[in-house]
Amino acid sequence: MTIYTMMLAASMAIMPSCSKDAPVLTQKDWAGTTTYFSPTDEKGFGTYYSPYTGYVGDPMPFYDPVAKDFKIMYLQDFVVNQTGTYHPIWAVQTSDAASYVSMGELIECGGIEDQDAAIGTGSTVYNEADKLYYTFYTGNKYQPTASESGQVVMLATSPDFKTWTKDKTLYIKGEDYGYSKNDFRDPFVYEGEDGKWHMLVSTYQNGKGTIAEFISDNLKEWTSAGVFMTMMWDRFYECPDLFKMGGWWYLVYSEKHAAIRKVQYFKGKTLDELKACTANDAGIWPDSHEGFLDARAFYAGKTASDGENRYIWGWCPNRPGQNNTDVGASPAEPSWGGNLVAQKIIQHEDGTLTLGPVAAIEAKYTSSQEVKVMALSAEDAGAVTSDSKAVTVGTDVSGKTFKLSGNSYMLLSRLNVHNHLKFTVTTASASDKFGFSFARGTDSEKFYSMVMNPESDTKRKLNFEEEGGIGYVNGIDSYVFDTPADYVYNVTVCTDNSVCTVYVNDVLAYTNRIYGTQKNCWSINCYGGNITVSDIEVKYY
């Protein structure tokens, strides 16, 4: 008997017989069921980039004037990093901030004895004079001695943005200029209106958070220009990013303080006016919510512009054990690194900034989903009507307007992996409370809601809640914004696997990570009062 025959006989012996009692495998009825599905979330991300292995940390976006595209360098985190030598600079390129091509590793870490054993964030510029790209970055010394610098500014150059050479002669040390020797980092370089190159560095001077400034004619020889800007109180501004947009100067930064950990900004008509915002702890905030641009799940945000649009890239952290409530609330901090999230900078007439969806990201969701009401709240828990009639299960939401009152909800069809949701909520008063939920089923003991909470008669805030569990999740709520005068909330949500971004009326941007969103139902909820829901639309790709 041949080996093949023996194997065939053995396999037939262990195969189940085709009797009438054999189980019949059927396709899961996704459209007709509402029970919660515990998925293994899809590993890949189609919009909010994540490398094949590890995570994105501290983006360094740059618009390449030669290639006419965006290059986003970032610190590659391998989760389990080598001792002392970690976070090499990798990069992706994109033309639209919606789809990315990996460029792999560009600048490697130094050896365990080198100043840049571990690499920290920085920035890139292109010098037309010598046709070279210059990337300034932070060199982190492994276990520095008392006589060594923990952090210094370092440089690598490239003629093609592919092959990079480290400059072994440029080491800008904080202690040489009266700044901290161990906190001297995150260099940001830009070409000033004076025709010179300027560098901003986050550091301390005499224990006070400070942004130091240096000036150069050639990007290689730098002269100290003193303190560019002090930092408020005991705060520390990471990842500084300075740019001019229209008639305003802006400083975007990430507040390191554990109680904050958010991206913020200051503004001024002139650089002097910008610097005055924090002078002597003045606290001249740019808007009514202290310049916050997003919530705690969007960090290390820095910007780049193609001359028409300015985008901001930051990272959305992972959740240990895929626990949606482990958000790193103060005094803890969120997990470091995650997905690369891009958003559009919106400048308003008064110079204030908010974030909005990237047009190319929204355009990716090309398939329309038929959305139906799958379940409703119990009769004694509030009412849901449409055209003054009670809503029934199976109702198609297309073109319909729904009224919800009391503590009521309507559960809607299962979502896909990558979703684009739009709907409008109109409240009857400033105190009516509403929200929407993900990862929900008719049998769910717990699910996750974003609740538009009335903070006062004139203010609102988007909270995150684990309903059926701990309730309000501390540390991942949005910033406070003004209640719309007409009580109308136009809501847009983009989801990519577990990452979601929420936008309301061009006044609120809110990023979060919610595992279990894909392939489960979602709901729109009323938590008291009366709300009207209209224009519900779901698309996917």
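Going residue by residue through the stretch 158-174, is there one that turns out to be assigned to a strand (DSSP E or B) and either touching a helix residue (DSSP H, G or I) at 6+ places or on another chain (Cβ under 9 Å) or closer than 24 Å to Ser305 by Cβ (or both)? Explain how you work it out, then say what you get.
At the first step, the residues of the stretch 158-174 found to be assigned to a strand (DSSP E or B) are 158, 165-166, 172-173.
Imposing the further condition that a residue be either touching a helix residue (DSSP H, G or I) at 6+ places or on another chain (Cβ under 9 Å) or closer than 24 Å to Ser305 by Cβ (or both) reduces the set to 158.
Looking for residues that are assigned to a strand (DSSP E or B) and either touching a helix residue (DSSP H, G or I) at 6+ places or on another chain (Cβ under 9 Å) or closer than 24 Å to Ser305 by Cβ (or both), one finds at least one in the stretch 158-174, hence yes.
Looking across the stretch 361-388, the residues that are more than 12 Å from Met410 (Cα to Cα) and modelled with pLDDT of 95 or more come down to Ile361, Glu362, Ala363, Lys364, Tyr365, Thr366, Ser367, Ser368, Gln369, Glu370. Of the set (1) farther than 20 Å from Asn530 by Cβ; (2) in contact with a strand residue (DSSP E or B) (Cβ under 9 Å, 6 or more places away or on another chain), all apply to Arg460 but (1). Can you tell me which residues in the stretch 248-278 are loosely packed, with under 14 Cβ neighbours inside 10 Å and under 20 Å from Phe188 (Cβ atoms)? If the condition is that a residue be loosely packed, with under 14 Cβ neighbours inside 10 Å and under 20 Å from Phe188 (Cβ atoms), then Thr270, Asp272 are the ones that fit. Of all the residues in the stretch 419-438, those that are assigned to a loop (DSSP other than H, G, I, E, B) and charged (D, E, K, R) number 2.
Is it the case that Ser330 is hydroxyl-bearing (Ser, Thr, Tyr) and in contact with a strand residue (DSSP E or B) (Cβ under 8 Å, 6 or more places away or on another chain)?
Working: hydroxyl-bearing (Ser, Thr, Tyr): yes; in contact with a strand residue (DSSP E or B) (Cβ under 8 Å, 6 or more places away or on another chain): no.
For Ser330, the condition - hydroxyl-bearing (Ser, Thr, Tyr) and in contact with a strand residue (DSSP E or B) (Cβ under 8 Å, 6 or more places away or on another chain) - is not met.
Exactly one residue out of Tyr142, Tyr179 is open to solvent by 60 Å² or more (accessible area, probe 1.4 Å) and aromatic (Phe, Trp, Tyr), and it is Tyr142. Within the stretch 473-489, residues that are in contact (Cβ under 8 Å) with a residue 12 or more places away in the chain have Cβ atoms under 7 Å from residues that are open to solvent by 40 Å² or more (accessible area, probe 1.4 Å) and among the polar types (S, T, N, Q) in these pairs: Gly475/Ser330; Asp482/Ser288; Asp482/Thr458; Thr483/Thr458; Pro484/Asn505; Tyr487/Thr426; Val488/Thr426; Tyr489/Asn505, counting only partners at least 6 apart in sequence or on another chain.
Report yes if some residue within the stretch 332-342 is part of a loop (DSSP other than H, G, I, E, B) and open to solvent by 60 Å² or more (accessible area, probe 1.4 Å); otherwise report no. Yes: one or more hits.
Would you call Ser102 open to solvent by 80 Å² or more (accessible area, probe 1.4 Å), more than 17 Å from Asn318 (Cβ to Cβ) and at pLDDT 95 or above? Please lay out each step first, then the result.
Details: open to solvent by 80 Å² or more (accessible area, probe 1.4 Å): no; more than 17 Å from Asn318 (Cβ to Cβ): yes; at pLDDT 95 or above: yes.
In short, no.
Exactly one residue out of Gly529, Gly516 is on the phi > 0 side of the Ramachandran plot and either part of a loop (DSSP other than H, G, I, E, B) or within 15 Å of the chain's Cα centre (by Cα) (or both): that is Gly516.
Among the criteria (1) modelled with pLDDT of 95 or more; (2) open to solvent by less than 40 Å² (accessible area, probe 1.4 Å); (3) of a type outside the set (Lys, Arg), the one Phe78 does not fulfil is (2). Of the set (1) hydrophobic (A, V, I, L, M, F, W, C); (2) open to solvent by 10 Å² or more (accessible area, probe 1.4 Å); (3) under 23 Å from the mean Cα position of the chain (by Cα); (4) more than 15 Å from Asp294 (Cα to Cα), all apply to Val507 but (4). The set of residues in the stretch 213-226 being out of contact with any helix residue (DSSP H, G or I) (no Cβ under 9 Å at 6 or more places or on another chain) and either part of a strand (DSSP E or B) or closer than 13 Å to Val201 by Cβ (or both) consists of Glu213, Ile215, Ser216, Trp222, Thr223, Ala225.
Which of the residues spanning the stretch 417-446 are closer than 17 Å to Gly32 by Cα, surrounded by fewer than 19 Cβ atoms within 10 Å (Cβ to Cβ) and of a type outside the set (Ser, Thr, Tyr)? Break it down stepwise before answering.
Step one: filter the stretch 417-446 for residues closer than 17 Å to Gly32 by Cα, giving 439-444.
Subsequent filtering for residues that are surrounded by fewer than 19 Cβ atoms within 10 Å (Cβ to Cβ) retains 442-443.
Asp443 - this is the single residue of the stretch 417-446 that is closer than 17 Å to Gly32 by Cα, surrounded by fewer than 19 Cβ atoms within 10 Å (Cβ to Cβ) and of a type outside the set (Ser, Thr, Tyr).
Checking the structure you have, find out if any residue of the stretch 478-493 is closer than 24 Å to Ser368 by Cα, open to solvent by 40 Å² or more (accessible area, probe 1.4 Å) and either outside any strand (DSSP E or B) or modelled with pLDDT under 95 (or both). So far as the stretch 478-493 goes, no, none of its residues is closer than 24 Å to Ser368 by Cα, open to solvent by 40 Å² or more (accessible area, probe 1.4 Å) and either outside any strand (DSSP E or B) or modelled with pLDDT under 95 (or both). Taking the stretch 384-413 as the range and being within 18 Å of Gly32 (Cα to Cα), open to solvent by 60 Å² or more (accessible area, probe 1.4 Å) and assigned to a strand (DSSP E or B) as the test, no residue passes.
Of everything listed in (1) assigned to a loop (DSSP other than H, G, I, E, B); (2) among the aliphatic types (A, V, I, L, M); (3) free of Cβ contacts under 8 Å to residues at least 60 places away in the same chain, the single unmet condition for Val373 is (1).
Within the option set Ser405, Ser377, Ser429, being more than 21 Å from Tyr487 (Cα to Cα) and touching a strand residue (DSSP E or B) at 6+ places or on another chain (Cβ under 9 Å) holds for one residue only, Ser377.
Residues that are surrounded by fewer than 14 Cβ atoms within 10 Å (Cβ to Cβ), under 13 Å from Gln518 (Cα atoms) and modelled with pLDDT under 80 within the stretch 26-40 comprise Trp30, Thr40, listed in sequence order.
Going by the conditions given, is Asn416 outside any loop (DSSP other than H, G, I, E, B) and not aliphatic (A, V, I, L, M)? Spell out the reasoning first.
Values: outside any loop (DSSP other than H, G, I, E, B): no; not aliphatic (A, V, I, L, M): yes.
No: the conditions fail for Asn416.
The values are calculated or read from the model by the stated rules, or taken from the named source; none is laboratory data. Please read these numbers as outputs of a predicted model, since none were measured by experiment. Positions of Cβ are generated from backbone atoms using ideal geometry, with glycine treated the same way; all protein chains shown enter the neighbour counts. The accessibility values were calculated without ligands, DNA or RNA, using every heavy atom of the protein model including side chains. Shrake-Rupley method; radii C 1.70, N 1.55, O 1.52, S 1.80 Å.
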